[in-house]
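Here's the structure we're looking at; comments come further down.
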């Protein structure tokens, strides 16, 4: 979790007392910054990253927090006491898989040139972090499906193969020819697009199976039902589609 992402979760951060800010920054340094111990310089660097001023008399506050048993002082450095860290873990801690998936999503924009894909990606990331797993699944499918369509449209040979296969796979659509993004949306169902891609040999059997399964999951998540959607399903949706579709079809 990036520091700014943590602060966005804390609505009262800007009005919090300096000691509470320090404890939260210390927790991030331990949990996500890889610091076993921290000092005033580390807190200042966090403040600089957030574009906020450091607490006045920072050294005094650190000393007082140590006196109050919220921090443990050792060789001129500090670490959160177990009780203080446990309390913050309960409030802001996330399962390691959340961190892993968030990292995948955070790093992906640098790998995809499409503005539309980045927009889908940011929506998926926001949904995942607030545990809106249904919405996350829908947005991740949107990302992967949009990527598939763009991948076809950018290559004349792929588009020709797709159009040639349409009447072979769906005879009722023998007069259909796709030339732009809206043609996919207006004339074909998502499942039909996936099946045509498979029949045309544009995607292999593994990707075909992944897309079919993930489309079914998207449908279950998108429509009102009694189906329970949990984090592990979102984890699988994100990692499978990103690794095996978005990053594979280049």
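Here are the numbers for this structure:
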quantity	calculated
Cα-projected label distance for residue 45 with residue 82, points at 7 Å along beta-carbon direction, nm	2.8
Of 219, 142, 175, the one that fluctuates the most in a GNM where the chain has Cα springs shorter than 10 Å	175
Share of alpha-carbon pairs per 10 Å distance bin for region 120-162, given as whole %	31, 34, 22, 13, 1
Helix 40-49 vs. the chain, principal-axis angle (Cα, 0 to 90°, nearest 10)	40
Principal axis dimensions, largest first and in whole angstrom, of region 1-43 by Cα	26, 21, 12
On Cα atoms only, tilt of 205-222 relative to the major axis of the chain in degrees	70
Where labels lie 7 Å past Cα in the beta-carbon direction, separation of residue 208 and residue 68 in nm	6.4
Length released on extending from residue 173 to residue 239, taking residue separation times 0.36 nm less the Cα-Cα span	20.4 nm
Tensor-based shape of region 125-214 (alpha-carbon gyration tensor, a/c under 1.5 rounded, otherwise prolate or oblate)	prolate
Förster radius 35 Å - calculated FRET efficiency between residue 107 and residue 17, Cβ distance, rounded to 0.05	0.50
Debye log10 I(q)/I(0) for region 199-250, one point scatterer per Cα, at q = 0.17, 0.27 Å⁻¹	-0.57, -1.08
Candidate values (1) 7, 31, 36, 21, 5, 0; (2) 6, 26, 24, 17, 13, 9, 4, 1; (3) 7, 27, 27, 18, 11, 6, 2, 2, 1, 0, 0, label of the one derived for P(r) over Cα pairs in 10 Å bins from 0, in percent	(2)
Gyration tensor verdict on region 3-92 (Cα atoms; rounded if a/c is under 1.5, prolate if a/b is larger than b/c, oblate otherwise)	rounded
Relative contact order %, region 96-246, counting alpha carbon pairs below 8 Å whose residues are six or more apart	30
Footprinting exposure proxy for 250, 31, 239 (fewest neighbouring C-beta atoms within 10 Å first)	250, 239, 31
Inter-part distance where region 25-99 and region 141-183 are each reduced to a Cα centre, Å	53
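Read the figures in this text as sums done on the coordinates, not as results from a lab. Since this is a predicted model, take the numbers as computed values, not measurements. Neighbour counts run over all protein chains shown; Cβ positions are idealised from the backbone, glycine included.
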